[in-house]
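Remarks on the structure that follows.
Nothing in this text is a laboratory measurement; each read-out follows from the coordinates by a stated rule. Given the structure is predicted, the values throughout are model-derived calculations rather than measurements. Don't worry about glycine lacking a Cβ; one is built from the backbone with ideal geometry, like all the others, and counts go over all protein chains shown.
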């Protein structure tokens, strides 16, 4: 009995004797590593411009209910800058939190975390970045911020390629929160907060 | 007396040869495994020359630019998103506008010819890695990319062996962090206790029943 | 029989029986060794003192001899300056901005305008809508 068990274990081990041969195979087969397919940012020998990622042909639009002229996509209502968020975007805490993370990633390098135009890049670079806390920008319609992010302004490039429209609206809403935080009417604050304002901390 | 065919030390030579043969085979295999694990093969920590000597250390650590400023699709797509020339130019149309190091970028912006960078991480084509799900579930950039904010020229931080992937898929609580710290390069995993991290795993609904180690999770 | 020969014979029978050496080590060479090391040290000190006494007189202390007007000139020029450590500047800008975004204070006391923490501003914005900004 014992003998047969030992024999079967031995047989099992012997059956695995081919395993070391895999070591020989490892170095040879790379055809599955580099399959004939394109991944993002690959170089292409097929397309004349050498890119695997082809820009969409002119006038391409997504499917579904996409409307390039809607307030959501343009920041404008009948040609005028929208003074409200488009109906698809709801102002809530999640939108502002999302806007904050986008603002801090994309805008803060130049405009500063506070929005005063004192970002790290602005500090180093040879340019003057306007503050968001000026009367002109506090009174412009909210669509203005969407429009600037989408199309750029002055020396600022368009961020349309990097920030999707929904995120642009979130940033615009967060800019309003930033503006409020730096210019709050003390009538809106509680007694305790007023004390802290006076104490300056 | 019959003549001796083999000299007196033949036995010793035979034994030594046997021993040497075994050691040669073992040594060769050990050397191959060692080579396979070493930076000579894996390129870990070996910086590659690039058309523009871009420094993550300067842009991330010193200029405090968020990862997403350039790798904009990392939260939405499988691919982190390699910045377009336009992204470089959104600052470098103002800053270092005459630097010869950036000539390649300016030419690319004018002609539309892409800058061809050298890929650092080349995952095998049968692995379908998705950045966005890892970001969404609280795995930070530095968990895999190391302290890229300390590197001048980018280099691999991980050889990307499957065992390494599985290590985290088996025990995500060893690497998880709060979502808002994902892009924090200086985050230390041990700043949360194991219990807190296990709580995060539960909160982010990361399956711990072994589903994450199924083949089809990464291979399709 | 010479002295050395006795020592080369190894431990005595008594030592072997007790499993340890019963005779004392010879103290004379140890004492001589210590004395010689001390002598060399003293000699070195004396030599150094002599050398310094001869040469040190000609070495003038040139540190910190700037007049106060020269020291003033070494102060940093006004900004903008070359950056010594960009990382520290970046850290400082971020830290100051975050501190500002987490604190209360007056912006324009006469007009009744204050700055408040951003979290609170987000709450107020949700409460009062965009009109609160104007």
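What do you get for the angle between helix A:165-181 and the principal long axis of chain A? Use alpha-carbon atoms, 0 to 90 degrees, nearest ten.
Long axis of A:165-181 versus the principal axis of chain A: about 50 degrees.
Based on alpha-carbon positions alone, could you give the equivalent ellipsoid semi-axes of region A:75-188 from the gyration tensor, as √(5λ), descending, whole Å?
Output for region A:75-188: semi-axes of 21, 18, 14 Å.
Nearest 10 degrees, 0 to 90: what angle lies between the long axis of helix A:2-15 and the longest principal axis of chain A (Cα atoms)?
Helix A:2-15 sits at roughly 60 degrees to that axis.
How large is the direction-averaged shadow of the alpha-carbon convex hull of the protein assembly as shown, in nm²?
61.0 nm²
With each pseudo-label sitting 7 Å past Cα toward Cβ, what's the residue A:78-residue C:47 distance in nm, one decimal?
Result for the modelled spin labels: 10.4 nm.
Can you tell me how much longer the chain between residue C:23 and residue C:109 gets when fully stretched, taken as 0.36 nm per residue apart minus their C-alpha distance, in nm with one decimal?
21.3 nm is the gain from fully extending residue C:23 to residue C:109.
Just tell me how shielded B:57-66 is by partners: mean number of partner chain Cβ atoms within 10 Å of each residue's Cβ, no decimals.
Counting other chains' Cβ atoms within 10 Å and averaging over B:57-66 gives 6.
If one computes the Cα centroid of region B:75-99 and of region A:125-191, what distance in Å separates the two points?
22 Å
Calculate how large, on average over all directions, the projected area of the Cα convex hull of chain B is; give the answer in nm² to one decimal.
Mean orientational projected area (chain B, Cα hull): 21.5 nm².
Across the residues of C:20-26, average count of Cβ atoms on other protein chains within 10 Å?
0
Rounded to the nearest 500, what is chain A's calculated 222 nm mean residue ellipticity when only DSSP H runs of at least 4 contribute -39500 (n - 2.57) each, over all residues?
-11500 deg cm²/dmol
Let me confirm one metric for peptide A:118-130, namely the mean number of other chain beta-carbon atoms within 10 Å of its residues' beta-carbons.
Working: counts 4, 7, 12, 9, 2, 8, 9, 5, 5, 3, 0, 0, 0.
The shielding value for this peptide is 5.
I want to verify the translational diffusion coefficient of region B:50-130 in µm²/s; compute it with Stokes-Einstein, Rh as the Kirkwood radius over Cα pairs, at 20 °C and 1.002 mPa s.
The calculation lands on 151 µm²/s.
With the contact rule set at Cα under 8 Å and sequence spacing of 6 or more, what percent relative contact order holds for region A:75-188?
33 percent
Say each of residue B:14 and residue C:91 gets a label point 7 Å from the Cα, pointing the same way as Cα to Cβ; how far apart are those two points in nm?
Result: 7.2 nm between the two label points.
Label residue A:53 and residue A:41 with points 7 Å out from Cα along Cα→Cβ: what is the distance between them in nm?
0.8 nm
When each pair of different Cα atoms in chain A is counted once in the 1/r mean, what is the Kirkwood radius in angstroms, to one decimal? Mind showing how you got there, number by number?
Working: mean 1/r = 0.0446 Å⁻¹.
Evaluated on chain A, it is 22.4 Å.
Tilt of helix B:10-37 relative to the longest C-alpha principal axis of chain B, in degrees (0 to 90, nearest 10)?
Result, in degrees: 10.
Relative contact order (percent) for chain B, with alpha-carbon contacts under 8 angstrom and 6 or more residues of separation? The partial results should precede the final answer.
On the way: 220 pairs, mean separation 50.2, N = 220.
Relative contact order comes out at 23 percent.
In whole percent, what relative contact order does chain A give with Cα contacts below 8 Å and a gap of six or more residues?
Rounded, it is 17 percent for chain A.
Find how many whole Å separate the alpha carbon centroid of region A:45-84 from the alpha carbon centroid of region C:83-134.
If you average the Cα positions of each part, the centres end up 35 Å apart.
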